[in-house]
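Before any comments, here is the structure.
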Amino acid sequence: MAFLEDCIAFPLAVIADEITEGWGIMKKLEMMEWREKYAIRDITSSGFGVAKNLSNWAVKGKDFTVEASVESTVKKFHATKKPIGLCCISPVLAAKLIPGCELTVGYDTECEKWPYAKTAQAMADLGCKHINKHVNEIHVDKQNKLVTTSAFMCNAPIHEVFDGIGEMVKEVLKLA
């Protein structure tokens with residue numbers, strides 16, 4: 001996992017899993033302590049790194065657990081009412097850690113375009129409300145200050161994925 005901003009000059013905590021292997025995530029999250037005081041937002045993008053390194057979703061599905069430092073960080077951001085942006089598979093973290101939240105990973109009906117649609121049902125089984133949204137759309141759970149979009153959960157042209165992630169970032173900034 002790589003941080004988009006590693007410079008302490010900016011009082012922000014923008015977290016992005018730019019590589020699916022999640023390199024250095026534990027060390028980076030240990031550095032979050034100083035940021036908890038000053039951070040105004042948390043944006044976590046995704047990839048298979050969230051499913052296999054930040055949690056064990058890849059092997060356990062809805063019975064997964066979240067790595068302790070990731071769980072602590074998400075819960076602290078939520079408790080302090082700081083906005084959180086999650087895309088692709090990373091909304092499963094909110095499904096596990098923010099009971100009753102609303103989120104999206106796209107559509108809940110599996111087809112060629114939505115090959116991972118069963119994820120929506122798994123999140124509902126965890127007690128969350130899944131909202132069907134197209135890949136270029138976001139869902140905003142205002143009560144929990146949670147913004148989600150499906151990204152690569154959909155077989156869509158890259159520009160549509162880009163548009164959805166862009167909308168997510170814009171909305172998280174508005175909520176900050």
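Summing Lys and Arg as +1 and Asp and Glu as -1 over all other residues whose Cβ lies under 10 Å from the Cβ of A94 gives a net charge of -1. Here the spin labels are modelled as points 7 Å beyond Cα on the Cα-Cβ line, and at K60 and K75 they lie 1.4 nm apart. Between rounded, prolate and oblate, where does segment 92-176 land on the alpha carbon gyration tensor, with a ≥ b ≥ c its root eigenvalues, rounded for a/c under 1.5, else prolate if a/b exceeds b/c? Taking the square roots of the gyration eigenvalues as a ≥ b ≥ c, segment 92-176 is oblate. Each Cα pair of segment 55-137 feeds into the Kirkwood radius, which the Stokes-Einstein equation turns, at 37 °C and 0.692 mPa s, into a diffusion coefficient of 250 µm²/s. What net charge is computed for the residues neighbouring K113, neighbours being all others with C-beta under 15 Å from the C-beta of K113, Lys and Arg scored +1, Asp and Glu -1? Around K113, the charge tally is -3.
Which whole-number percent of Cα pairs in segment 34-176 have a distance greater than 28 Å? The share of Cα pairs beyond 28 Å in segment 34-176 comes to 10 percent.
Every read-out reported here was derived from the displayed coordinates using simple, explicitly stated rules and does not represent laboratory data. Remember, it's a predicted structure, so these values are computed and weren't measured experimentally. Cβ sites come from the backbone with ideal geometry, for glycine too, and all protein chains shown count toward neighbours.
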